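Trainee: Quick one: the structure is below, questions incoming.
The values are calculated or read from the model by the stated rules, or taken from the named source; none is laboratory data. Predicted model only: the values in this text are computed from it and were never measured. Neighbour counts run over all protein chains shown; Cβ positions are idealised from the backbone, glycine included. Side chains included, ligands, DNA and RNA excluded: accessible areas come from the protein's heavy atoms. Shrake-Rupley method; radii C 1.70, N 1.55, O 1.52, S 1.80 Å.
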Amino acid sequence: MTVSSLDGALGERIFFFDIDDCLYSPELCVHLLIKERIYEYGRSIGMDAATVVETCTSYYKDYGLTMRGFINHHGVDVAAFNDKVNGSLPLESVIKPDPALREMILSIKARRWAFTNAGFEHASRVLKCLQVDDLFEGITYCDYAEPDFPCKPERRAYEKAMKESGAKDVRLCYFADDSASNVNAAKEFGWTSVLVSKQQPVARAATDLHIKAIHDLPLVLPQLFT
């Protein structure tokens, strides 16, 4: 069955877009600003200053998000963490409107949904900075206040995204992310996946498609733009 016939039989195509370091360039170094604030927060709650970087890195590897490690091992207040880390980021002075990105997203012939491991407030701020917040039907985000919340690359996160977006069939789902592990998990879940990275993927065989910047999406998925 072709993609076009699948559309008619099973519903509309939907494109899930990651946000951070995907819709904007990682060269803006927002991730470094986040790390700095995470380390500072760790020191403020009594973590060993000499090992805070190593500890936070292990939390990220073990739990998928550093936040989970803070919750599991330190019982941090989620609101306080958000205020000190994401809430203090100078996003509006770092991330600027991207007319080319907006034009590309508008031209895609599929429903559009944002899918991030960030919280709702941070995700919304980034989309507004880029001036593309009005182009997405919704956002699947991490609710840090929810016990054992799912996050990419866990299968539960992709299931949540499908449920919240109303997507009915994995064969009509497309996904772009800057994380190879997230893209590979999406591929295993049945989505058509695109890695957005200037670096070559380590596990190339597990990745459907690879582009260096999100603006190049029409080059690898022309059927969604014609």
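Trainee: Please get the size of the charge dipole for segment 35-150, origin at its Cα centre, with Cβ charges of +1 on Lys and Arg and -1 on Asp and Glu, quoted in debye to the nearest 20. Mind dumping the intermediate values first?
Mentor: Working: 13 positive and 17 negative charges, 73 e Å.
Result for segment 35-150 is approximately 360 debye, rounded to the nearest 20.
Trainee: Something else about it: Would you mind checking the tilt of helix 30-44 against the longest principal axis of the Cα atoms of the chain, expressed as 0 to 90 degrees and rounded to 10?
Mentor: Taking Cα atoms only, the helix is inclined about 30 degrees.
Trainee: Using 0.36 nm per residue, how much length does the chain from Lys168 to Glu137 gain when fully extended, once their Cα-Cα distance is taken away? Don't skip to the end; give the middle numbers.
Mentor: Values: separation 31, 0.36 × 31 = 11.16 nm, distance 1.56 nm.
Value of the extension gain: 9.6 nm.
Trainee: For the chain, which whole-number percentage of the solvent-accessible area (1.4 Å probe, protein heavy atoms only) is attributable to carbon and sulfur atoms?
Mentor: Ligands and nucleic acids excluded, carbon and sulfur reach 53 percent.
Trainee: Which residues in segment 164-187 place their backbone N less than 16 Å from a point set 7 Å from the Cα of Gln199 along the Cα-to-Cβ direction?
Mentor: 177-184
Trainee: Per residue, how much accessible area does the chain show when a 1.4 Å probe rolls over the protein heavy atoms, in square angstrom?
Mentor: On the way: 11070 Å² over 226 residues.
For the chain, the solvent-accessible area averages 49 Å² per residue.
Trainee: Related question: To the nearest µm²/s, what D does Stokes-Einstein give for the chain at 25 °C and 0.890 mPa s, using the Kirkwood radius over alpha carbon pairs as Rh? Before the final figure, lay out each step's value.
Mentor: Details: Rh = 18.3 Å.
In µm²/s, the coefficient is 134.
Trainee: Could you order the peptides 101-114, 43-56 from most to least packed, using the average number of other C-beta atoms within 10 Å per residue? Write out the running numbers ahead of the final one.
Mentor: Numbers: 101-114: 17.1, 43-56: 12.9.
Ranked by mean Cβ neighbours within 10 Å, highest first: 101-114, 43-56.
Trainee: Tell me what the chain gives for mean residue ellipticity at 222 nm when only DSSP H runs of n ≥ 4 count, each as -39,500 (n - 2.57), the sum divided by the residue total, rounded to 500 deg cm²/dmol.
Mentor: Details: 11 runs with 100 residues, N = 226.
About -12500 deg cm²/dmol.
Trainee: Based on the mean of other beta carbon atoms within 10 Å per residue, what is the order of 72-82, 150-160, 29-39, most packed first?
Mentor: On the way: 72-82: 14.6, 150-160: 18.5, 29-39: 16.2.
Going by the mean number of other Cβ atoms within 10 Å, highest first, we get 150-160, 29-39, 72-82.
Trainee: Also, I was wondering about something else. For the peptides 117-129, 209-221, what is the packing order when you average, over each peptide's residues, the other Cβ atoms within 10 Å and list the highest mean first? It would help to have the intermediate numbers written out before the result.
Mentor: On the way: 117-129: 20.0, 209-221: 17.0.
Per-residue Cβ counts within 10 Å, averaged per peptide and sorted highest first, yield 117-129, 209-221.
Trainee: Work out the FRET efficiency for Leu106 and Gln223 from their Cβ-Cβ distance, taking R0 = 22 Å, and round it to the nearest 0.05. Working shown, then result.
Mentor: Working: r = 17 Å, r/R0 = 0.77.
So, using R0 = 22 Å, E works out to roughly 0.85.
Trainee: Put +1 on the Cβ of every Lys and Arg and -1 on every Asp and Glu Cβ in segment 3-153; which of Leu106, Leu89, Thr66 then has its Cα farthest towards the positive end of the dipole?
Mentor: Checked the options; the winner is Leu106.
Trainee: Per 0.36 nm of contour for each residue apart, how much would the distance between Arg155 and Lys96 grow if the chain were fully extended, relative to their Cα-Cα spacing? If you can, show how the numbers build up before the last one.
Mentor: Working: separation 59, 0.36 × 59 = 21.24 nm, distance 3.26 nm.
Roughly 18.0 nm would be gained on extension.
Trainee: A 19 angstrom limit on the alpha carbon distance is what I want to check against. Which of Lys160/Lys187; Lys84/Lys160; Lys61/Lys152; Lys109/Lys168; Lys61/Lys128 exceed it? The partial results should precede the final answer.
Mentor: On the way: Lys160/Lys187 16 Å; Lys84/Lys160 28 Å; Lys61/Lys152 12 Å; Lys109/Lys168 17 Å; Lys61/Lys128 30 Å.
From the list (Lys160/Lys187; Lys84/Lys160; Lys61/Lys152; Lys109/Lys168; Lys61/Lys128), the Cα-Cα distance tops 19 Å for Lys84/Lys160; Lys61/Lys128.
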